[in-house]
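Trainee: Supplied in structure tokens, the structure appears directly below.
Readers should treat all values here as calculations from the given coordinates under stated rules, not as data from a laboratory. Here the structure is a predicted model, which is why all the values come from computation and not from measurement. In this analysis, Cβ positions are derived from the backbone assuming ideal geometry, glycine residues included, and neighbour counts consider all displayed protein chains.
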């Protein structure tokens, strides 16, 4: 039986919210449709849930029956209260990290943990993701910044993981996931990655997120060109030094672009060559397959899809190795 990241090659993960490819909305049909699109089986399926949601037993069953790993991005906000997930965090507040630490949500956390433990299979949970950015309400920036923001994020991480373990949910594997270079990333020393590290006993995987937004975001702001190395090289190297943990790319993508003769198709080709040959600790990736802020999909053009399918044809990219 494979253990965390102890396999040859890199597992293909999927997140997609596009037409016939949707999961969990279209259940197994959405997974099959994505596999057909890329010409390869996937080994992990990622989707987003919030603290309005109970543990998704039905959806995890679907993924597990297809011999893939459920990957939950568990977002600490309540769409029923703040559907845009944008408010600043300050306790007392329905979205305040202080409220979590004060025990206000213990009943919810414990019920979610019990259900996860009773489900029993391996579950990847990415919690408080992109905590070093300035955009999410659970990040260091919105929870005090240099006045203890990272320390509060760490405290909430440990608090929640400890409650899961008290409930016996050791089948949950925790993904600690910073974001890579971005013009929206505070560069002050208080925001250094090591300030967010909760300790090896609290982390099973390190996740990395980054994107190429070039030439501009949908709000008209200019964005620099970022190739794969610019997205991930420094972040990867820093994380390798922080702890000996398997690494995944939990989210990444590029939009369609033209830059000094490069296109999205070439970016995709180079990215997967880099993963195979220069980033040996990356053992799983998830492409952000959605037309959202920009068109991140692998099939945003025929050329991009062809490049992605050619990359996936390499035996290095695999489904989850259960045996």
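Trainee: For the chain, what relative contact order do you get, as a whole percent, if you take Cα pairs closer than 8 Å and at least 6 residues apart?
Mentor: Details: 616 pairs, mean separation 69.4, N = 323.
Once divided by the residue count of the chain, the mean separation gives 21 percent.
Trainee: A follow-up question, please. Between residue 7 and residue 57, take the C-beta separation as r, use R0 = 25 Å, and let me know the FRET efficiency to the nearest 0.05. Please report the intermediate quantities before stating the final value.
Mentor: On the way: r = 27 Å, r/R0 = 1.07.
Given R0 = 25 Å and the Cβ-Cβ separation, E is 0.40.
Trainee: Quick one: in region 171-212, what % of C-alpha pairs are over 15 Å apart?
Mentor: The proportion of pairs with Cα distances above 15 Å equals 50 percent.
Trainee: Project the alpha carbons of region 1-153 onto their principal axes and report the range along each, largest first, in whole Å.
Mentor: In descending order, the Cα extents are 48, 33, 31 Å.
Trainee: Using a Gaussian network for the chain with springs between C-alpha atoms less than 10 Å apart, which of these wobbles most: 53, 106, 188?
Mentor: 188
Trainee: Still on this structure, I have one more. Once R0 is set to 45 Å, what does the formula 1/(1 + (r/R0)^6) return for the Cβ-Cβ distance between residue 26 and residue 188, expressed as a FRET efficiency to the nearest 0.05?
Mentor: 0.55
Trainee: What is the order of 48, 136, 32, fewest Cβ neighbours within 10 Å to most?
Mentor: Starting with the residue having the fewest Cβ neighbours, the order is 48, 32, 136.
Trainee: In Å³ and rounded to a whole number, note down the convex hull volume per residue for the Cα atoms of region 78-197.
Mentor: Here the figure is 108 Å³ per residue.
Trainee: Can I ask one more? Per-residue ellipticity at 222 nm for the chain, helices alone: DSSP H runs ≥ 4 residues times -39500 (n - 2.57), over residue total, nearest 500 deg cm²/dmol?
Mentor: -9500 deg cm²/dmol
Trainee: Relative to the present Cα-Cα distance, how much length would full extension add between residue 19 and residue 315 at 0.36 nm per residue of separation?
Mentor: Gain on extension, residue 19 to residue 315, equals 103.7 nm.
Trainee: Related question: What ranking of 254, 3 emerges when the number of other C-beta atoms within 10 Å of each C-beta is taken as an exposure proxy, fewest first?
Mentor: 3, 254
Trainee: Can you give the FRET efficiency to the nearest 0.05 for residue 111 and residue 266, using r as the Cβ-Cβ distance and R₀ = 45 Å? Show your work: numbers first, answer last.
Mentor: Details: r = 48 Å, r/R0 = 1.06.
Here the calculated transfer efficiency is 0.40.
Trainee: So, one more: Considering the chain as a Gaussian network with a 10 Å cut-off on Cα pairs, which listed residue, 180, 140, 220, attains the greatest mean-square fluctuation?
Mentor: Answer for the Gaussian network model of the chain: 220.
Trainee: Under 8 Å for C-alpha pairs, at least 6 residues apart: give me the relative contact order for region 1-123, rounded to a whole percent.
Mentor: 19
Trainee: Can you bin region 1-57 into rounded, prolate or oblate? Criterion: square roots of the alpha carbon gyration tensor eigenvalues sorted a ≥ b ≥ c, rounded for a/c under 1.5, prolate for a/b above b/c, oblate for the rest.
Mentor: Verdict is oblate for region 1-57.
Trainee: Which of 78, 205 has the fewest other C-beta atoms within 10 Å, and how do the rest follow up to the most?
Mentor: In order of increasing Cβ crowding within 10 Å: 78, 205.
Trainee: In terms of the Cα gyration tensor, with a ≥ b ≥ c the square roots of its eigenvalues, is region 281-322 rounded because a/c is under 1.5, prolate because a/b exceeds b/c, or oblate?
Mentor: oblate
Trainee: Report the residue, chosen from 240, 45, 172, that carries the largest GNM mean-square fluctuation when the chain is represented by alpha-carbon nodes joined by springs under 10 Å.
Mentor: Top of the fluctuation ranking is 240.
Trainee: Further question: Counting pairs of alpha carbon atoms under 8 Å apart in space and at least six apart in sequence, what relative contact order in percent does region 206-323 give?
Mentor: That works out to 26 percent.
Trainee: Whole percent per 20 Å bin, from 0 to the bin with the longest distance: what is P(r) over all C-alpha pairs of region 10-318?
Mentor: So the P(r) values, bin by bin, are 33, 61, 6.
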